[in-house]
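Student: First, the structure itself, so that you have it in front of you.
The values are calculated or read from the model by the stated rules, or taken from the named source; none is laboratory data. Only a predicted model underlies this, so the values are computations on that prediction, with no experimental measurement involved. Note that we place each Cβ from the backbone using ideal geometry, even for glycine, and neighbour counts take in every protein chain shown.
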Amino acid sequence: MRDRILELKFKELREFCYVRNSVAEYIHAALGNLSESHSILMEVAVNEAVNNALKHRTCAKTTKLITLKLFILNDRQLIVKINDGGEGFPGNQMLAELPVKQCFISKEALKESGRGIMIMESATDGLSYNPKGNEVTLIKNLRH
């Protein structure tokens, strides 16, 4: 598991659905030392990131494939990178503008646009975008 990199390329949700189980199995194997809820939440975060990539890819009308890569870094972190090959957006700026984790969720946060970032941020130990904004990196620590 330690040296195994899972890299997938696809252009449509239908194609991702064929490999979704492999992604879930990888996440569950990587996070086996943590509770089942950590694995499930990380799976939700990855699915949300893929949905965002599919949405941005469709809006940009690009023919580039989405790349999904999962790997373990230094036996300490599960790293997931999703690149939609599009023009990008100010993802890191949106992250900076997220409200501090609170006990309540505002109506603004429940809007469809931007909600995925909040879900991903809550489910991971680290979340960032590349400077262009077309690749998201999700990090989950393997030990707490």
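Student: Name, by its number, the condition in (1) surrounded by fewer than 18 Cβ atoms within 10 Å (Cβ to Cβ); (2) without any contact (Cβ under 8 Å) to a residue 40 or more places away in the chain that does not hold for Lys69.
Tutor: The number of the failed condition is (2).
Student: Is at least one residue of segment 75-94 without any contact (Cβ under 8 Å) to a residue 24 or more places away in the chain, closer than 17 Å to Ser122 by Cα and hydrophobic (A, V, I, L, M, F, W, C)?
Tutor: Applying the first criterion (without any contact (Cβ under 8 Å) to a residue 24 or more places away in the chain) to segment 75-94 yields 93-94.
Add one more test, that the residue is closer than 17 Å to Ser122 by Cα, and what stays is 93-94.
From what is left, the residues that are hydrophobic (A, V, I, L, M, F, W, C) are 94.
Scanning segment 75-94, I find at least one residue that is without any contact (Cβ under 8 Å) to a residue 24 or more places away in the chain, closer than 17 Å to Ser122 by Cα and hydrophobic (A, V, I, L, M, F, W, C), so the answer is yes.
Student: In segment 72-92, what residues are assigned to a loop (DSSP other than H, G, I, E, B) and surrounded by fewer than 14 Cβ atoms within 10 Å (Cβ to Cβ)? Working first, answer last.
Tutor: The first filter runs over segment 72-92 and keeps only residues assigned to a loop (DSSP other than H, G, I, E, B), leaving 74-76, 84-90.
Across segment 72-92, the qualifying residues are Asn74, Asp75, Arg76, Glu87, Pro90.
Student: Something else: Does Pro90 satisfy the criteria of being closer than 15 Å to Thr137 by Cα and modelled with pLDDT under 80? Steps first, please.
Tutor: Values: closer than 15 Å to Thr137 by Cα: yes; modelled with pLDDT under 80: yes.
When the stated conditions are applied, Pro90 passes them.
Student: Inspect segment 20-38 for any residue being closer than 18 Å to Asn134 by Cα, assigned to a helix (DSSP H, G or I) and in contact with a helix residue (DSSP H, G or I) (Cβ under 6 Å, 6 or more places away or on another chain) and give the result as yes or no. Let's see the steps before the verdict.
Tutor: Initially, segment 20-38 is screened for residues closer than 18 Å to Asn134 by Cα, giving none.
Checked against the condition, which is being closer than 18 Å to Asn134 by Cα, assigned to a helix (DSSP H, G or I) and in contact with a helix residue (DSSP H, G or I) (Cβ under 6 Å, 6 or more places away or on another chain), segment 20-38 yields no hits at all.
Student: May I ask you to say which residue of Ala45, Ala53 is modelled with pLDDT of 95 or more, among the small types (Gly, Ala, Ser) and buried (at least 16 other Cβ atoms within 10 Å of the Cβ)?
Tutor: Numbers: Ala53 fails: modelled with pLDDT of 95 or more.
Only one candidate qualifies: Ala45.
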